[in-house]
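The values are calculated or read from the model by the stated rules, or taken from the named source; none is laboratory data. The shown structure was predicted, so the numbers you read here are calculated from the model rather than taken from an experiment. Reconstructed Cβ throughout: ideal geometry from the backbone, glycine too, with neighbour counts over all protein chains shown. Quick note on the areas: whole protein, heavy atoms, side chains included, nothing else; ligands and nucleic acids left out. Shrake-Rupley method; radii C 1.70, N 1.55, O 1.52, S 1.80 Å.
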Amino acid sequence: MENKQIKRINYNNVFKALVILMLIFSCLLSISIYFKTSAETETIYSSVLEDLEKDENFDVSKYPIVEDDYSLQVIQIAESSDKELFVYVYQPSGESLNLEATSINISTGINDNLYYVNYDLSLLSSNGVFYKYLVNDFGVKEDALRYYDISSIYRVFDENIDVPSENDNITSEVSYSVGQLWTASTVNGEVSYTCVETETVEVVDKYVDFLRYLDGWAWFTYSSDSHYVAFSLDRPMDDIIEAEVSFYTWEYKTLHGTPIINVEDRNEENDVFHQIVLTNHDVVNNQTVGLFGDSHTWNRIQTVSDFIDSEDLTEETKNNIKNKQWVLRFYESEYTQHGGYFGDLVGYGTGVVDVTILYLKFEYDGVIFNLGVVDNKTTGDITPGNEQISVWERILKMIATIIAIVLIVVAVVVLAPIILPALFKFLSFCFKWLFKGIWWLITAPFSIFNDD
């Protein structure tokens, strides 16, 4: 019995040792697989000069350092074997300010099929004034002939070199015109590129804001926010037929109308991206609910003069937009408030940020144009630009109106026995002399003839 017990203990020890060895082997194998997978998935990109110098016509001397030139100039694009797209940019200021491109507007359709998308950029390599970027979330098509219509490229706004807005707007990214249509062609497995210049239209003055309409009161106070951008362009237009706008939305909270979180302090990871197309046939209206609501209807695309005439704007808003040409009313969101008159009046709303116009289809002098737009990314505040009347003010106004009507009725009832006889007497006197005057005018000519 004693020997058997000793053997059992030995077998247990052997089993434990085998389990430990297997665990160690499994861990080592996992680590090996992880490092192998990481090494296989890590992409090593060539440098910017290495790529550019493959072109025998490339001349570095044509791209000098100009320290006070903060522009971005696209000089080449390239596709990779992994269906990625690279953009090569000449930045005259070089690395003195460490400016980096942030995003780029590209349409893979041309002519009537233009549809620009704002893609983020990732810096892969830089050398002096030359920068190589990867276009994020972009997949090269399988077509033998591929188009890349690039309208503009952006960089971060720098308060040291850029002019801030003169109103409450914030500029987050500055846009530069590119105006290039690149064509990539694959023949016998070889890719070749050609480039032609294209027209763009530039936004030269801009204001982002919103109007708030009271939809009504039904336990909570409901309102509709109509977000818009007012702007001017560097060329005349008789009519805007179509417009493409991109922006992000974020959720905010207010207490007694004051923001608890300002737009600059929002969590950008929770922002929602939107890209929409507006037409001059689009008509929008808010939906009234409950009591005291006001119904409003508006066009998506308006002239500034029509916009001012049709809305009850604050003087500040009028001053901010009066010198601009066009208004795009591009998005609607809900604003709700709850809490009593003497309690915490809490509001929940949706703001828009980084608004940029990507494309305009317009008519001028009988000709239709489809052009990419050069426009900064701009953010407005979260204070409505039209005059506001609260539910409580409407209730007090209604009560005052009812009291006034009641007082008039009471006054008429009380004073009627006194006023009415005197009134009838006065009217009778007026009518008596009126008829006498009319009778005299009729009979006077005959009396003159009778005298003769």
Original post:
At a probe radius of 1.4 Å, what is the per-residue accessible area of Glu242, in Å² to the nearest 10?
Top reply: 50
Subject >> Shape category assigned to the stretch 76-127 from the gyration tensor of Cα positions, a/c cut at 1.5 >> reply: prolate
Subject >> Area accessible to solvent at Ile418, 1.4 Å probe radius, in Å² >> reply: 120
Original post:
With every protein chain left in place, what is the accessible area of Thr288 in Å² (1.4 Å probe, nearest 10)?
Top reply: 70
**OP:** Please sort by residue number the chymotrypsin sites (Phe, Trp or Tyr not before Pro) in the stretch 311-389 whose DSSP state is loop and whose Cβ has at most 10 other Cβ atoms within 10 Å.
**Re:** Tyr341, Phe342
Subject >> Which of Ile44, Ile77 is most accessible, then next, and so on - probe 1.4 Å >> reply: Ile44, Ile77
Original post:
Do any of Lys62/Lys324; Lys322/Lys361; Lys132/Lys253; Lys62/Lys361; Lys324/Lys361 go past 30 Å between their Cα atoms, and which?
Top reply: Lys62/Lys324; Lys132/Lys253; Lys62/Lys361
Original post:
Can you tell which of Pro92, Val74, Ser61 lies farthest toward the positive end of the dipole of the stretch 58-105, using +1 and -1 charges on the Cβ of basic and acidic side chains (Lys, Arg; Asp, Glu)?
Top reply: Val74
Original post:
Going by the alpha-carbon gyration tensor, a ≥ b ≥ c the square roots of its eigenvalues, is the stretch 136-257 rounded (a/c under 1.5) or, if a/c is not under 1.5, prolate (a/b greater than b/c) versus oblate?
Top reply: prolate
